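Chemist: Starting off with a structure, shown below.
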Amino acid sequence: LLSVMLSGYYKLILSVSIVASVLIIYLLFHFGVPNNSDDIHIENILKRHHSQTKIRNTHLDHLRKNNQLEKILQLPQFWYLFIPTLTCPWGNERFGGSNPEATFYGDGGKWVCLDHKARDKPFAVYSIGKQDLSFEIEFKRSYPLSEIHIFAPSVQVDSLLLMQQHGFHYYPWGLGTVDDEENRLRSFATIMSNYHDDVRIVKIDIDGQEYSVIKTIEKELLQKVDNLIIEIHVDLTASQYYDVLKTFTKLDEFNFALFQKEANLYCTHCMKFSFYNMNRFEKKYHQKE
């Protein structure tokens with residue numbers, strides 16, 4: 001009788017142990033191992049970003065003080081001033097430029113940096129300006145809960161059909177410095193204030209008008225945006241090189257960090273830059289948002 005009781009007792013202990021083990025594995029799988037390695041990793045990323053930004057600004061100041069800045073105001077060496085300072089902790093993702101459905105196949109992709117929870121939540125993507133739709137199509141497939149909103153004063157018929165096919169939202173307005181009904185333009189403030197609260201990505205490609213538009217953007221309008229993707233166009237004049245420098249200075253002031261860049265092989269004087277909002281980045285990891 002005693003042996004039977006002990007046997008039953010051991011079986012009960014074994015069953016409880018198995019259940020506990022399965023529960024622990026489940027919790028670890030969903031919530032991660034409770035250690036501070038992630039915090040250390042993020043701290044290192046932030047330190048490197050601040051260090052690289054300081055080095056870049058010091059280098060620019062040195063060139064200005066010694067009247068050497070004009071020597072590098074030419075392509076391609078000019079682009080080397082703008083080296084990414086942020087490492088995306090979740091890994092950069094590239095979308096576009098390789099989708100045969102795109103109406104302008106091969107115009108290069110765009111890079112994004114989104115946290116691992118982004119696929120599980122709905123959010124808006126604002127795509128402003130020139131459209132080949134390859135970025136939007138590929139992004140929507142990877143982030144099916146996202147809503148793609150496209151702003152362009154005019155599009156081709158086949159592009160409009162693709163937008164309808166993929167469930168994109170189209171607005172027949174371009175981006176300008178002020179609201180302009182005659183030219184079908186809306187200011188950045190109008191676009192950002194009238195539609196969605198959760199705009200995680202803003203992509204701008206407006207063929208050289210980005211400088212005048214960025215001058216008008218207020219910091220508060222970008223505080224909820226994670227990624228700002230801009231194609232910069234240079235017309236090879238000295239004044240526009242300085243416009244690029246002013247644009248980067250303003251984005252620095254807004255606390256946006258460059259995490260990726262890519263040349264547009266179909267436009268030798270164009271470069272696509274992807275920035276992450278460091279205010280959002282630091283909030284997520286220091287306040288455990």
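The values are calculated or read from the model by the stated rules, or taken from the named source; none is laboratory data. The structure displayed is predicted, hence computed values, not measured ones. When we count neighbours, we look across all protein chains shown, and the Cβ atoms used for this are built from the backbone with ideal geometry, even at glycine. For accessibility, only protein heavy atoms count, side chains too; no ligands or nucleic acids. Shrake-Rupley method; radii C 1.70, N 1.55, O 1.52, S 1.80 Å.
Chemist: Please tell me if LYS140 is touching a Gly at 6+ places or on another chain (Cβ under 9 Å) and touching a residue at least 24 places away in the same chain (Cβ under 8 Å).
Modeler: Yes: the conditions hold for LYS140.
Chemist: Kindly indicate whether HIS116 is out of contact with any Lys or Arg (no Cβ under 7 Å at 6 or more places or on another chain), under 27 Å from MET278 (Cα atoms), at pLDDT below 85 and exposed (fewer than 13 other Cβ atoms within 10 Å of the Cβ).
Modeler: yes
Chemist: Same structure, new question: Can you tell me which residues in region 159-172 are closer than 13 Å to GLY129 by Cα and open to solvent by 60 Å² or more (accessible area, probe 1.4 Å)?
Modeler: Scanning region 159-172 gives a single hit, TYR170.
Chemist: Out of the residues in region 151-165 that are out of contact with any Leu (no Cβ under 8 Å at 6 or more places or on another chain) and without any contact (Cβ under 8 Å) to a residue 40 or more places away in the chain, which is nearest to ASP198 (Cα to Cα)?
Modeler: ALA152
Chemist: Filter region 187-222 for residues that are of a type in the set (Gly, Ala, Ser) and on the phi < 0 side of the Ramachandran plot; which is most open to solvent (accessible area, probe 1.4 Å)?
Modeler: Per the criteria, the residue is SER193.
Chemist: Follow-up question, since we're still on this one. Any chance region 132-148 includes a residue that's of a type outside the set (A, V, I, L, M), at pLDDT 85 or above, open to solvent by less than 10 Å² (accessible area, probe 1.4 Å) and within 21 Å of THR268 (Cα to Cα)?
Modeler: Within region 132-148 (the criterion being of a type outside the set (A, V, I, L, M), at pLDDT 85 or above, open to solvent by less than 10 Å² (accessible area, probe 1.4 Å) and within 21 Å of THR268 (Cα to Cα)), the answer is yes, since at least one residue qualifies.
Chemist: Determine, yes or no, whether PRO34 is modelled with pLDDT of 85 or more and either aromatic (Phe, Trp, Tyr) or assigned to a loop (DSSP other than H, G, I, E, B) (or both).
Modeler: no
Chemist: In region 223-240, which residue that is open to solvent by 10 Å² or more (accessible area, probe 1.4 Å) and more than 15 Å from HIS269 (Cα to Cα) is modelled with the lowest pLDDT?
Modeler: Restricting to residues being open to solvent by 10 Å² or more (accessible area, probe 1.4 Å) and more than 15 Å from HIS269 (Cα to Cα), the top hit is LYS224.
Chemist: Could you go through region 197-215 and let me know if any residue there is in contact with a helix residue (DSSP H, G or I) (Cβ under 8 Å, 6 or more places away or on another chain), closer than 24 Å to CYS113 by Cβ and assigned to a loop (DSSP other than H, G, I, E, B).
Modeler: Among the residues of region 197-215, at least one is in contact with a helix residue (DSSP H, G or I) (Cβ under 8 Å, 6 or more places away or on another chain), closer than 24 Å to CYS113 by Cβ and assigned to a loop (DSSP other than H, G, I, E, B), which makes the answer yes.
Chemist: Check GLY108, GLY129, GLY97, GLY176 and return the single one that is modelled with pLDDT under 95, under 18 Å from the mean Cα position of the chain (by Cα) and within 24 Å of LYS224 (Cα to Cα).
Modeler: None of the other options fit; the residue is GLY129.
Chemist: Here's another thing I want to ask about it. Against the definition (of a type in the set (Phe, Trp, Tyr) and farther than 20 Å from GLN74 by Cβ), how does TYR241 come out, yes or no? Let's see the steps before the verdict.
Modeler: On the way: of a type in the set (Phe, Trp, Tyr): yes; farther than 20 Å from GLN74 by Cβ: no.
Answer is no for this residue.
Chemist: Could I ask something else about it? Just the residues that are surrounded by 11 or more Cβ atoms within 10 Å (Cβ to Cβ) and out of contact with any Leu (no Cβ under 7 Å at 6 or more places or on another chain), please, taken from region 82-92.
Modeler: Residues satisfying the conditions are ILE83, THR87, CYS88, PRO89, ASN92.
Chemist: Within region 177-189, is even one residue outside any helix (DSSP H, G or I), within 26 Å of GLU138 (Cα to Cα) and of a type in the set (Phe, Trp, Tyr)?
Modeler: no
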